[in-house]
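Right, one structure below, let's go through it.
The values are calculated or read from the model by the stated rules, or taken from the named source; none is laboratory data. Nothing here was measured: the structure is a model prediction, and the numbers come from that model. Because the Cβ atoms are built from the backbone with ideal geometry, glycine has one as well, and the counts that use them run over all protein chains shown.
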Amino acid sequence: ADTIKAIIAKQTRLVQGRVGLHEIDPAPQYILKVCCSQEYLFERKSALVHYTYVQNCLQRGDIPRLTPVLLKDVLECLCLPVPDSLPVEVPSTIADPSPLPLPSVIDLYGPEEKLEKGETCIDLWDLKDFFSLTVRSAQKLTQAPSADQLDASSLLAGSPSFGDLSTSSLDATIASPVGNETSINSTLSAPASTGSFSSMLPMSTTAASGMLPDAGSVSVSKYMVRVGLAHGGQLLAKYQNTLGAMTGSGSGATLQWNQSLNFRLIYSNLPLATRVCVVLLQVKRRPGRIMEFPVGWANMNLFDERGYLVTGKRTLPLWRSSFTSPETETAHQLNLTGTVAENPDPEFTLVLDFCHPGSQKSHIRFPISRFTSVVHGNALQASNSSLPPTQTASDVDLRNLQDLIHRDPFYELSEQDKALLWRTRDSCCRTLFPAESLPWLVQAVSWERLELVEEFYRLLASWPRPLPVETCLQLLGVAGLAGSVTAAEDTFGVAEGTAGTTGGSSGGYVMAGGRTTGVADPLVRDIAVQGLQAGLSNMELADYLLQLVQVVRTEAFLINPLTCFLLKRALECPTQIGIRLCWHLRSQLDNADARLRFSLILDALCRGFGPQLLLFIHEQVNALHRLTGLAISVKRLAEEEEQRTWFKSQLLRSDVRHDLGDILSPLRFSIKLGPVVEQQCTVKRSKKRPLWIVWANPDNLGIHHHKLHQLLFKHGDDLRQDMLTLQLLRVMDHIWKEEGLNLDLTIYDCLSTGEDTGLIEVVRHSQTIMSIQGQRVRSAMQIDSSQLHKWFLQKKAPPLGSDTAYEEAIRRFTNSCAGYCVATFVLGIRDRHNDNIMVDDSGRLFHIDFGHILNNKKKKFGITRERVPFVLTSDFACVIARGEEKPYRSKEFIEFTRLCEDAYRILRRHSNLLLTLLAMMLPSGLPELTCVGDLEYVRKTLAVEQTDEEDALNYFNAKFNEAYNGAWTTKIDWF
């Protein structure tokens, strides 16, 4: 704080030409600004070193560049009133929303509805009948969307968050802004599975037609419906089948069953998160076997957003089932972890009739109000169940429990493990590791038994709060995933055509659509959100935002604690959370299962941001639309030179310059982009023809620091995988630094802004290894491993540099090389070559272009190009060893090896967090991250099954030796 005050005072005296020591203190009138940025150091009471910008400068060896600016000017720029007297507390947001309370799940379910005369409300736990439903019919839809649906769709598309944020809707929003709390509650009041609302969004189908044969061929096939009751990824009871049905003789597009299915599960045993999972199957007989072909599937919540049991007829639009390899086959074909969102463009619908166990004028509700104490952390009264009292855990049980809860999150619990967890449940809560044990205990609960659920809630009410962030992420995104895979592959038997029994396995199909993640129980999820609210700073939340958006996509209802938490933080801190959340949501509006949900969240955000911030977003959207049009047009031209000439000519047009100039960067909201510098813009040579855009730096001090801002716009590549990889690298960097290990990683920004479009930050003063080698080869007329080191000598050593500069550059290269060697090995980053590995002028090495991860290797002519676990060529070893003739035997390389070991050892201690972040991305539909099995490679590289750290280190060293022993092979691949 004294440092900030002294800087402002000294600068003011210099500007005013006064050097006396007894001048009037100018500090209250000024605030420090980061040069060439829109970032300000608001908190005068904080020490200078506490600011992230200053810490990053110190870690990189840079000098912090700060300048005093008048506080009055900052307030006017933010459209905030300037008080008569200074100093003043400067708000940290532009919209300045009033603090919003974070509602609990109890609040969201609300009190019981008002009953009409003659109506009654029945407690679900008082019902002892068996659950049943009737499968009525299935129909193939052929008609186009109705006019009402299209009108409703266009109405939603006109909201300020949807589509291109049109000027008319923007003006309307600015003219009549809506209060934050009102907008959140009113906009998100619908459940995720409401039939009328989701049908507002027609989408042209991309699936192949004819999954259900036409009338001529239907007559020879039978169709049946399979229904299951699930909780998360687990079946609560055996699934049930209808009898085989054939199409009617006249219609050819309708299947009739009218068949009742009875489940051996009483209503009182149904948990709150129960979902009904259905799949329509075509059944064909072959000699000695029965084959099932899934036509479509759907899931729905058995309890609505107020906790009332669903009764009566329901029409389910089916999602199409898609083909995949036989390795992913499931026995029952039910998509237990699929989305509960309705298909906005279904080809088939299925009608179910849910039995009403009470009178027609009665409403049946889950007794959610009994568990207010669970959410708020107050001990519940002991239940009246017949469970035997828990006994003190033995020493053997405690040791086994300790071993169990330190397993990686994908360890699959055996029945013995579950029995152990339940037997020692009191010890989990009170004596041992309550935070670490909760994700495991949740999986040991038999959710189809009321007395066990009551006992679990009793324990949960007294569980220590708040939970650590890592535990909260596991509960929301991972817990139960391993068990759900096995549950999906369990076979209960084969008896085709018999009502109430199970069918046989087919093979080779996977269900499309978003997956649910984590624990299904809403009370547990609410407690996890409370932990995030208490434990996550805005900076940490920004690091995990990518995953949390995917978890929101799989929530049971549109309004839920996690969505409210993200909206609250986004409105409280729009520049750090809100803008990035907007782009994460908007980039996925092309996904049918997320479109309605994300559109409504975007609408709530835009209404809460306020007119000034909304105008900034509108300018960004316009600029990206303009770049998309330019990128598409460029690809239509055949010759590279013609593409570049046409592109530069377009940048001279006044309308193009207006759209692209003087905007805030979508990558980093604190960076202002000035007018486009068309002479330096170009079209890159890579396959998708990315656009290299250069803007002038409009900052007054830009001429003294950096005059230009450069971004790469890509159209045709899915950048979500790059975003995920860079985020994981950033998390690794934080982990290493917290453990006192600074590996000088360079992690640039990347943002997916839509389907196959996005922006990539250009790292200043950097070039590829290929470029450096090319320069050296042209001068030396030969290829050898010393060329990269000679470049360092030329740049940093005397006479152009100094011995100190040379040593510092080599140190940074060594550190960053170690960091990326370990990171690329752990994450299985492939397709590494000398054109996607770069070095900047300070000596830091870094990787770009992460199109292949999790050991998905690129092939050429059917041959795998990469044969080593990570890139460590003799070029790198020569730099690390400072040019020694035998670099791998040098003292410097041995120290480099130990540095890699330390980095690996630290990451392995945080393996659960890394695996959790990857697993939370499963709903995203990334091409190389589609199922839990895709994460097996990371489990292997982190050696999570090894209990002895030395064994894990030996495994890493073996891979390390394999990398540098194969260095020549890697170099041949490069050239």
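The residue pairs whose first member lies in the stretch 672-695 and is under 12 Å from Leu660 (Cα atoms), whose second member is charged (D, E, K, R) and assigned to a helix (DSSP H, G or I), and whose beta carbons are closer than 8 Å, counting only pairs six or more residues apart or on different chains, are Pro675/Arg657; Val676/Arg657; Glu678/Lys648. Within the stretch 438-462, the set of residues being over 20 Å from His376 (Cα atoms) and touching a residue at least 24 places away in the same chain (Cβ under 8 Å) comprises Trp440, Gln443, Ala444, Trp447, Glu448, Arg449, Leu450, Glu451, Leu452.
In this structure, does Leu600 turn out to be farther than 23 Å from Leu719 by Cα, crowded, with 23+ Cβ neighbours inside 10 Å and outside the structural domain of Asp345 (by TED's automatic domain parsing)? So Leu600 fails the test.
Is it the case, given these coordinates, that Leu741 is assigned to a loop (DSSP other than H, G, I, E, B) and either in the same structural domain as Asp902 (by TED's automatic domain parsing) or under 30 Å from Leu545 (Cα atoms) (or both)? For Leu741, the condition - assigned to a loop (DSSP other than H, G, I, E, B) and either in the same structural domain as Asp902 (by TED's automatic domain parsing) or under 30 Å from Leu545 (Cα atoms) (or both) - is met. Over 19 Å from the mean Cα position of the chain (by Cα), closer than 20 Å to Gln533 by Cβ, in contact (Cβ under 8 Å) with a residue 12 or more places away in the chain and in the same structural domain as Tyr308 (by TED's automatic domain parsing), is that true of Cys573? In short, yes.
When each of Arg407, Arg449 is tested for being touching a helix residue (DSSP H, G or I) at 6+ places or on another chain (Cβ under 9 Å), closer than 26 Å to Leu270 by Cα and of a type in the set (Lys, Arg), the lone residue that passes is Arg449.
Would you call Ile663 touching a Ser or Thr at 6+ places or on another chain (Cβ under 7 Å) and either surrounded by 17 or more Cβ atoms within 10 Å (Cβ to Cβ) or hydrophobic (A, V, I, L, M, F, W, C) (or both)? For Ile663, the condition - touching a Ser or Thr at 6+ places or on another chain (Cβ under 7 Å) and either surrounded by 17 or more Cβ atoms within 10 Å (Cβ to Cβ) or hydrophobic (A, V, I, L, M, F, W, C) (or both) - is not met.
The number of residues in the stretch 515-535 that are of a type in the set (A, V, I, L, M, F, W, C) and farther than 23 Å from Leu450 by Cα comes to 3.
In the stretch 712-719 there is no residue that is in a helix (DSSP H, G or I) and either farther than 30 Å from Thr628 by Cβ or not assigned by TED's automatic domain parsing to the domain that holds Val69 (or both). Among the residues of the stretch 393-404, some residue qualifies, meaning at least one is touching a Lys or Arg at 6+ places or on another chain (Cβ under 8 Å) and at pLDDT below 90.
Residue-wise test of (1) over 27 Å from the mean Cα position of the chain (by Cα); (2) outside any strand (DSSP E or B); (3) surrounded by 23 or more Cβ atoms within 10 Å (Cβ to Cβ).
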{"site": "Phe263", "(1), (2), (3)": "yes, no, no"}
{"site": "Leu280", "(1), (2), (3)": "yes, no, yes"}
{"site": "Pro294", "(1), (2), (3)": "yes, no, yes"}
{"site": "Arg320", "(1), (2), (3)": "no, no, no"}
{"site": "Ala341", "(1), (2), (3)": "no, yes, yes"}
{"site": "Pro344", "(1), (2), (3)": "no, yes, no"}
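The listed residues are Leu627, Leu613, and the only one of them that is modelled with pLDDT of 95 or more and surrounded by 21 or more Cβ atoms within 10 Å (Cβ to Cβ) turns out to be Leu627. Restricting Cys931, Cys878, Cys900 to residues that are surrounded by fewer than 18 Cβ atoms within 10 Å (Cβ to Cβ) and either touching a residue at least 12 places away in the same chain (Cβ under 8 Å) or not assigned by TED's automatic domain parsing to the domain that holds Ser785 (or both) narrows the list to Cys931. Checked against the criterion of being modelled with pLDDT under 80 and surrounded by 12 or more Cβ atoms within 10 Å (Cβ to Cβ), the candidates Leu108, Leu70, Leu102, Leu86 yield just one match: Leu86. The single condition among (1) modelled with pLDDT of 95 or more; (2) not in a helix (DSSP H, G or I) that Glu496 does not satisfy is (1). Suppose the filter is under 28 Å from the mean Cα position of the chain (by Cα), in a strand (DSSP E or B) and not assigned by TED's automatic domain parsing to the domain that holds Leu581; does Lys687 pass it? Here the answer is no, as Lys687 does not meet what is asked. Just checking, does the stretch 622-636 include any residue being charged (D, E, K, R) and closer than 20 Å to Ser752 by Cβ? Scanning the stretch 622-636, I find at least one residue that is charged (D, E, K, R) and closer than 20 Å to Ser752 by Cβ, so the answer is yes. Out of the residues in the stretch 787-841 that are of a type in the set (Gly, Ala, Ser) and in contact (Cβ under 8 Å) with a residue 12 or more places away in the chain, state the one that is farthest from Arg905 (Cα to Cα). Across the stretch 787-841, the extreme among qualifying residues is Ala809.
For the stretch 522-555, the set of residues classified as part of a loop (DSSP other than H, G, I, E, B) and surrounded by 24 or more Cβ atoms within 10 Å (Cβ to Cβ) consists of Thr554 only.
Conditions tested, residue by residue: (1) assigned by TED's automatic domain parsing to the domain that holds Tyr544; (2) without any contact (Cβ under 8 Å) to a residue 12 or more places away in the chain; (3) of a type in the set (D, E, K, R).
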{"site": "Leu589", "(1), (2), (3)": "yes, no, no"}
{"site": "Ala592", "(1), (2), (3)": "yes, no, no"}
{"site": "Leu615", "(1), (2), (3)": "no, no, no"}
{"site": "Val621", "(1), (2), (3)": "no, no, no"}
{"site": "Leu627", "(1), (2), (3)": "no, no, no"}
{"site": "Leu637", "(1), (2), (3)": "no, yes, no"}
{"site": "Thr645", "(1), (2), (3)": "no, yes, no"}
{"site": "Leu652", "(1), (2), (3)": "no, no, no"}
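Cβ separations smaller than 6 Å between residues 6+ apart or across chains give the following pairs from the stretch 352-377 residues that are under 13 Å from Pro111 (Cα atoms) to residues that are assigned to a loop (DSSP other than H, G, I, E, B) and not basic (Lys, Arg): Arg365/Gly307; Phe366/Leu272; Phe366/Gly307; Ile368/Gly307.
Inside the stretch 561-570, residues that are more than 22 Å from Trp463 (Cα to Cα) and either in contact (Cβ under 8 Å) with a residue 60 or more places away in the chain or surrounded by fewer than 21 Cβ atoms within 10 Å (Cβ to Cβ) (or both) make up a count of 4. Scan the stretch 243-253 and give yes if some residue there is modelled with pLDDT under 95 and either under 18 Å from Leu316 (Cβ atoms) or charged (D, E, K, R) (or both), otherwise no. Taking every residue of the stretch 243-253 in turn, at least one turns out to be modelled with pLDDT under 95 and either under 18 Å from Leu316 (Cβ atoms) or charged (D, E, K, R) (or both). Filtering the stretch 879-911 to residues that are at pLDDT below 95 and part of a helix (DSSP H, G or I) leaves Pro887, Tyr888, Arg889. Listed by first and then second residue, the pairs with beta-carbon distance under 6 Å, at least 6 apart or on different chains, first residue in the stretch 914-928 and under 17 Å from Phe850 (Cα atoms), second among the aliphatic types (A, V, I, L, M) and outside any helix (DSSP H, G or I), are Met921/Leu929; Glu928/Ile853; Glu928/Leu854. Being among the polar types (S, T, N, Q), closer than 18 Å to Ala903 by Cβ and either surrounded by fewer than 18 Cβ atoms within 10 Å (Cβ to Cβ) or touching a strand residue (DSSP E or B) at 6+ places or on another chain (Cβ under 8 Å) (or both): is that true of Thr824 here? The answer is yes for Thr824.
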